[in-house]
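Following: one structure in structure tokens, then a few remarks.
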Amino acid sequence: MSEKLKQYRLNIIQGKITLDGIDETIVVIISILGILSPFAPSSIPKFTLFILITIVLGILIYIRFFVRQAYKKIEADKNYLDEEVLLLKEYAHELENQQRQTNLNFRLLTQIQGFVAALDFMLDCEKNILNNESLNFEQVRRLLENAFFSIYNSLHNNFEDYQEKITLALYIYSCETGKFLDFISYKPYISTQLKGRVWDKNDDAHICYVARHPEHTEFIFNNINEDLPTPMNAAKTDNENYVSSISIPIYFNNKQIRAVLSVTSNYINRFDRKSNNVFKNQCNTILISYFQAIAQIIEIILNNRFPTNNNAILWHTIREYLSKRPDQVTDDLKTLLENVTK
């Protein structure tokens, strides 16, 4: 409420108080006249006294009538003003909501620029790898890691919200053991481990679920904890850290699963495309298309450099597990390490 409107409302209230005072004063005077009239001096003729009292009462009643009328008008003005103020407050609240929604939509829109920049970086990565056959495994991996870091920064700087924790991971699949291993990942605000957990294909983690349903191009889980059973390899904090996700399968040329690209958030419905907010749905559709493009580029790179199997990737990845998280290396993975070549 503005200062002028506050002063106007205060004047109405003060006017009501003044009229209330006048009205009460008139009532008191009339009461006093009624009480004192029997004690009037006997020298005043009763008829004269009656006329005087009648005139005074008439004047007081006349004044009180107009006072009450003025009071009712002021009361009506006050009620009308209060209704207008409430209506203005509703308008202000609605405008505030509209402004908040506009700011949110603008933020969602500006995120796309960051996604496009990261996609450009991924395309450069593809160009550098495919146009240089002399690159060894470590050089290829380093280029992929740099591209992933750019993608993660795009998510972190443009997409991640207040107190939100975004993760990005590429899990490579071993058909010999039926396990998914963390090839490249960024989980700086969730895990202190340098490598993610090893997942069995038959487990109920969202990554494994994707691998068991190759007929889909991507999976969106709005609430992993409600949509899927608790995985056998689950940690106590999973239901807090990994709440919603995008998971996209990556295939060999023969359409067999070879990896899964996954993005998770600790926010529910983070990647929802069926919410009541049409603009948000459209932005999330663009985001998912963006990650589908990223996954396709990764698929092209892997199928070009490692066309028939994941052996070289698995060999290096298992060795990393042995040095960084040996508790995840099971006997079948140790055997696989011995049998595959670089």
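The values are calculated or read from the model by the stated rules, or taken from the named source; none is laboratory data. From a predicted model like this one, the values you see are computed outputs, not experimental measurements. Please note: Cβ atoms are built from the backbone with ideal geometry, for glycine as well, and neighbour counts cover all protein chains shown. Side chains are part of the model used for accessible areas, which takes the heavy atoms of the whole protein and leaves out ligands, DNA and RNA. Shrake-Rupley method; radii C 1.70, N 1.55, O 1.52, S 1.80 Å.
Largest accessible area first, the residues Trp315, Trp199 order themselves as Trp315, Trp199 under a 1.4 Å probe with ligands, DNA and RNA left out. Compactness ratio for segment 174-278: Cα radius of gyration over 2.2 N^0.38 Å (N = residue count) comes to 1.07. Cα centroids of segment 135-186 and segment 253-300: 14 Å apart. Kirkwood's formula applied to the C-alpha pairs of segment 219-303 gives a hydrodynamic radius of 14.1 angstrom.
Mind checking the log10 I(q)/I(0) for segment 273-312 at q = 0.17, 0.19, 0.25 Å⁻¹? Debye, one equal scatterer per Cα, no solvent, two decimals. Listed by q, the Debye log ratios stand at -0.56, -0.60, -0.77. Remark: accessible surface ordering of Asp182, Asp204 (largest first) is Asp204, Asp182, probe radius 1.4 Å. For GluC sites (Glu not before Pro), the sites in segment 146-221 that DSSP calls loop and that have at most 13 other Cβ atoms within 10 Å are Glu215. For segment 221-278, carbon and sulfur atoms together expose 47% of the accessible surface, with a 1.4 angstrom probe and every protein chain in place. When the P(r) is computed for segment 85-194, the part past 19 Å accounts for 63% of the Cα-Cα pairs.
The percentage of C-alpha pairs in segment 218-261 whose separation is greater than 14 Å is 58%. Using equal-weight Cα scatterers in the Debye expression, the normalised intensity of segment 271-342 in log10 at q = 0.12 Å⁻¹ is -0.57. Rolling a 1.4 Å probe over the protein chains gives Cys283 an accessible area of about 10 Å². Please report, to two decimal places, log10 I(q)/I(0) for segment 191-342 at q = 0.08 Å⁻¹ as given by the Debye formula with identical point scatterers on the Cα atoms and no solvent. After summing over all Cα pairs, the log10 values are -0.26. For segment 95-160, the Kirkwood radius over C-alpha pairs fed into Stokes-Einstein at 10 °C and 1.306 mPa s yields D = 117 µm² per second.
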